[in-house]
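One structure is given below, encoded as structure tokens.
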Ligand code: CMP
């Protein structure tokens, strides 16, 4: 089925100036950008987005990293978009990411891991609504 998923190009990848290279991975694999913006997250916006990780030991480092510079936030649309995007990203820890994935090619560490992608259709819906109004989602069908 055609799905939408939320993707973030994280501060490390924006800093390395590889936004376009990462967008190319999406586009050449059948995913379309239907909304996008560059934002500098605050402690509050990053904390709300990652609320499910609040009790995890890595949470403070995660928030510090995600607020360290601007991020690109986009909604990707396509057949099986949630899983497709996760395949393109590779494993959360770039040391475990398969060759040719975004994290294998652009990421340094489990925190500076280049991209975020929704892990389920339910998360995608919450995460898209967290960053975008319905009126900001474009129809590209
Ligand atoms: P992301 O998909 O954005 O979701 C939460 C982030 O926390 C994850 O990518 C990693 O960048 C970061 N993180 C740091 N340590 C861990 C860990 N041990 N397990 C999972 N995520 C971690």
So residue 71, is it in contact with a strand residue (DSSP E or B) (Cβ under 9 Å, 6 or more places away or on another chain), within 12 Å of the ligand (Cβ to nearest atom) and within 20 Å of residue 13 (Cα to Cα):
yes
Hey, can you tell me all the residues within region 78-99 that are under 22 Å from residue 14 (Cβ atoms) and not in a helix (DSSP H, G or I)?
90, 91, 92, 93, 97
Could you give me the residue pairs with C-beta distances under 6 Å whose first residue belongs to region 108-124 and is farther than 12 Å from residue 9 by Cβ and touching a residue at least 40 places away in the same chain (Cβ under 8 Å), whose second residue is assigned to a loop (DSSP other than H, G, I, E, B) and more than 8 Å from the ligand (Cβ to nearest atom) wherever it lies, and which are 6+ apart or on separate chains?
124/118
Do the conditions hold for residue 112, that is, is it assigned to a helix (DSSP H, G or I), surrounded by 15 or more Cβ atoms within 10 Å (Cβ to Cβ) and touching a helix residue (DSSP H, G or I) at 6+ places or on another chain (Cβ under 6 Å)?
no
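Read the figures in this text as sums done on the coordinates, not as results from a lab. Note that the structure is a prediction, hence the values are computed from the model and not measured. Glycine gets a Cβ as well: all are built from the backbone with ideal geometry, and neighbour counts include every protein chain shown.
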